[in-house]
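To start, the structure itself, in structure tokens.
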Amino acid sequence: MRLQTRKIIDKAFLASAVVAVILMISALIVLLGPILIKGVGAVFFEGTIEHRRLMLEMFERGSAIEIEREKQIAYEAKKPVYDAIKNFEKQLESMDYYTRMKYKKLLKDLNKAICSLLGPFPDAEKRLLMRDQYGQTRWDRVKVKLHNVLFIEKWDYSDPTRSGIRYFEPRQKEFAGTPIEEIFPYIEKNIERMFLPKKTFYWQFFIDKSFDSHFFGGIWAEIAGTFYLTVGAMLFAVPFGIIAAIYLAEYARESRFLSFLRVCISTLAGVPSIIFGLFGLAFFINTLHVSHSKSVLAGSLTLSLMVLPTIIRASEEAIKAVPHTYKEAALSLGAGRWNTIVTVVLPVALPGILTGIVISMGRAAGETAPIIFTAAVSVGKALKFYEVFTHPTPALSWNIYNLATEHEAVDEIRHVQYGLVFALVALVLLLNMAGIILRARFSKKLKG
Amino acid sequence: MEALNTIDEVKNIAGELSSGDKKTDVEQKPVFNKEFYEAHVESKGFSVFYKTNEAVKRVTLQIPRGKVTAIIGPSGCGKSTLLRAINRMNDLVPGCYTRGELKISGQNIYAPNIDVVSLRRRVGMVFQKPNPFPKSIFENVAYGPKLHLKLSKEELERIVEKSLIDAALWDEVKDRINDNALGLSGGQQQRLCIARALAIDPEILLMDEPTSALDPKATLKIEDLIDELRGKYTIVIVTHNMQQAARVSDYTAFMYEGILVEFGVTKELFTCPKEKQTEDYITGRFG
């Protein structure tokens, strides 16, 4: 081959390698960027007086005096709105039937929007759901709700060829001529005084329990659930996996049975995860009755089956890679076979085994399908340690799906959804980094 | 394993030891001249097979106690196989089996009820390429004793120190005894392996080309070490370096293609060998 051609081919290889790396990095940025940015929004945001009031009343955080003072300011700002509405309602009593009917519905809508934005009326009886007991706690949500208050959503079906077009009309127009008319510009002008937004660092998002279906509070239950499931899966999979790998690498002799065994293990690695979930339900819960119904125990067992092939494969490769000179030396000193494996082979194979474990941990933490049938619930408290054998638990992976699709107020809790995703990605990244560091340290110790 | 020492009286060594060789009417002068020696390792018609290949062919050999015996011969002549048969390391090779007798201190080590672990305690081995464990120097030497005995920390430290002194390595490593053994030079690693083998206090030390992977200076140190160990241990050393065999050993065995051609006192074998094959090999006509 001519030198020119060789040089060109070399450069082409280098270029394609660089392009591949750039593509990978940009894919990573595109994937992780929004997750991190929006996920951080669950923790860093502009919080209103309602948020601080919630923190004080539910978690006893914050200075009561300061918050009381702010409450007063906000109340002063909101009072005219409440008063105007109440006065108009009283006025309406004395009006004729036709006017009352006209404004009854309009007022109902207005009340709903105002209460959603500002919070319940001062002297109304306490509402059942917590979400109705507070106004908006986040400034970005305030802006959205303000839009709801100021504008009515209407649909235009005039064009028969297209589906209805949405348009907004200022609510002020509906109440033209009434005292209510003035509250709209008033709200617009004083919105900041009503909410007193301040930059908030709500790191307790990761350790608080959630209130009212994740409307308020944090995601501790999910984090604890994922933690229990992952640790449980590892507790079952690692011992069995390593021992199976030792058998395959050291004791087994080549035979038809052994080849069949290897095929079985490889097949297990390729089974779809939802089949694992169904199997876990059918076998662990319905046949073995490890628990009455869903539980963390059943979920951990199912997850451990799923990661077992990976651990076996990685451990077997690591054990086979141990130079046989070490084994020879140990045996020549009079070590028995098992002794050699435990004292010489396993310590040298440890970095490879650790890699397999860390990869599996990341997978177990993020898998959803196996735990749908066996362990996950949508809403629940964080489990105490002894409850893992009998109780199901929320989990990060399952709740990401659940909160984004089956929740009753998907739009209200966007920040929680992003927070869950952020927590899961951060957890897996942390696990992988810990594994890399541990592996590097063991490798260094072995190299001398 | 209680053993009785047998003392062999030397008869017609040349006729008895060289197997497969027919001496007819020529009067054979006994090699050892009425010298008594204890045979520590004794083989009678001993063969080692790898599947169907007979690597060691009916060797009858007596290795004297407390002396250094060298086994020389061209590559592939079966000397390593014979050496490894003495501590049954060939058991690790699949498809390897033996015929004949191999006795240590009168006990056939290939009998069916022999405990291989305790055999390997009495017969230590040093390999061609130094293979210390990827642990600390202390851990390396302490590995053997910890396997077999329950020892306190002080006893273990004493054993490690004694072994390293015996292996002429103590002065060089006493300040870094907890450092990783792989940080030592090649010669130091090999001496560490010797210390590791000595730590379990074997009777026999087998050395499979211990200096072939080392530089001349380290080689010299190891040869000095073998000199010091003579008398305390029975040493069998396989080497393809004839000059080393001449320097270091008391007795030499020459093997060719699995057959033991000649066995005798080193000085005599190298100055006036009995067999023509031996003479050809020593003078470099082949090998």
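Below is a table of values for the structure above.
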item	result
Buried on assembly, the range A:312-357 (at least 20 Å² less accessible surface than by itself, 1.4 Å probe)	A:325, A:326, A:328, A:329, A:331, A:332, A:333, A:334, A:335, A:339, A:343, A:344
Within-15-Å neighbourhood charge of residue B:82 [Cβ basis; K, R +1; D, E -1]	0
Ranked order, A:130, B:255, A:58 - accessible area, probe 1.4 Å, largest first	A:58, A:130, B:255
Chain pair B, A: total accessible area buried, heavy atoms, 1.4 Å probe, Å²	1700 Å²
DSSP beta bridge pairing in the protein assembly as shown, given as percent antiparallel to the nearest 5	70 percent
Accessible area (Å², per residue) of the range A:220-447, counting only protein heavy atoms and a probe of 1.4 Å	47 Å²
Accessible-area composition of the protein assembly as shown, carbon plus sulfur, in percent [1.4 Å probe]	60 percent
Hz values of 3J(HN,Hα) by residue in the range A:176-189 - Karplus curve (6.51, -1.76, 1.60), Gly and Pro given as x	4, x, 10, x, 5, 3, 6, 5, 5, x, 5, 4, 4, 6
Share, in percent, of DSSP beta bridges within chain B that are antiparallel, nearest 5	60 percent
Summed residue charge, Cβ within 14 Å of residue A:14's Cβ, Lys/Arg positive, Asp/Glu negative	+2
Accessible surface, the range A:51-180, averaged per residue in Å² (probe 1.4 Å)	63 Å²
Subset of A:327/B:153; A:78/A:143; A:78/A:199 violating a 18 Å alpha-carbon distance limit	A:327/B:153; A:78/A:199
Per-residue HN-Hα couplings for the range B:125-133 [Karplus 6.51, -1.76, 1.60; θ = phi - 60°; Hz; x = Gly/Pro]	9, 10, 9, 5, 9, x, 10, x, 5
Of the GluC sites (Glu not before Pro) in the range A:70-134, those whose Cβ has at most 12 other Cβ within 10 Å and which sit in DSSP loop	A:125
Sequence-distant residues sharing a close amide H with residue B:250 (under 5 Å, placed H)	B:68, B:69, B:70
GluC sites (Glu not before Pro) within the range A:377-448: DSSP coil, no more than 10 neighbouring Cβ in 10 Å	A:406, A:408
Solvent-accessible surface ranking, highest first, for A:142, B:265 at 1.4 angstrom	B:265, A:142
Interface residues, the range B:95-138 - accessible area loss of 50 Å² or more versus chain alone, probe 1.4 Å	B:120, B:131, B:133, B:134
Farthest positive-ward along the protein assembly as shown dipole, Cα basis, beta-carbon charges - from A:164, A:265, A:347	A:164
Selected from A:427, A:392, A:416, residue furthest toward positive end of dipole (the range A:380-448; charges at beta carbon)	A:427
Residue-level accessible surface for residue A:79, protein heavy atoms, 1.4 Å, Å²	80 Å²
Links that overshoot a 25 Å alpha carbon limit, given the list A:79/A:108; A:38/A:79; A:126/A:384	A:38/A:79; A:126/A:384
Which listed pairs, of A:320/B:57; A:90/A:209; A:86/A:189; B:129/B:267; A:71/A:209, have C-alpha distances above 32 Å, in listed order	A:320/B:57; A:90/A:209
Residues losing 10 Å² or more accessible surface upon assembly, the range A:399-448, compared with the chain by itself, 1.4 Å	A:445, A:446, A:447, A:448
Placed amide H near residue B:256: partners under 5 Å, 5+ positions off or other chain	B:261
Residue-averaged [θ]222 nm for chain A, counting only DSSP H segments that reach four residues, each worth -39500 (n - 2.57)	-21000 deg cm²/dmol
For residue B:100, distant residues with modelled amide H under 5 Å away	B:47
Separation of alpha-carbon centers, the range A:387-448 and the range A:320-365, rounded to whole Å	30 Å
Solvent-accessible heavy-atom area per residue, rounded to whole Å², over chain B at 1.4 Å	47 Å²
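The values are calculated or read from the model by the stated rules, or taken from the named source; none is laboratory data. These figures come from a predicted structure and were not determined experimentally. In this analysis, Cβ positions are derived from the backbone assuming ideal geometry, glycine residues included, and neighbour counts consider all displayed protein chains. With ligands, DNA and RNA removed, areas are computed over all heavy atoms of the protein, side chains included. Shrake-Rupley method; radii C 1.70, N 1.55, O 1.52, S 1.80 Å.
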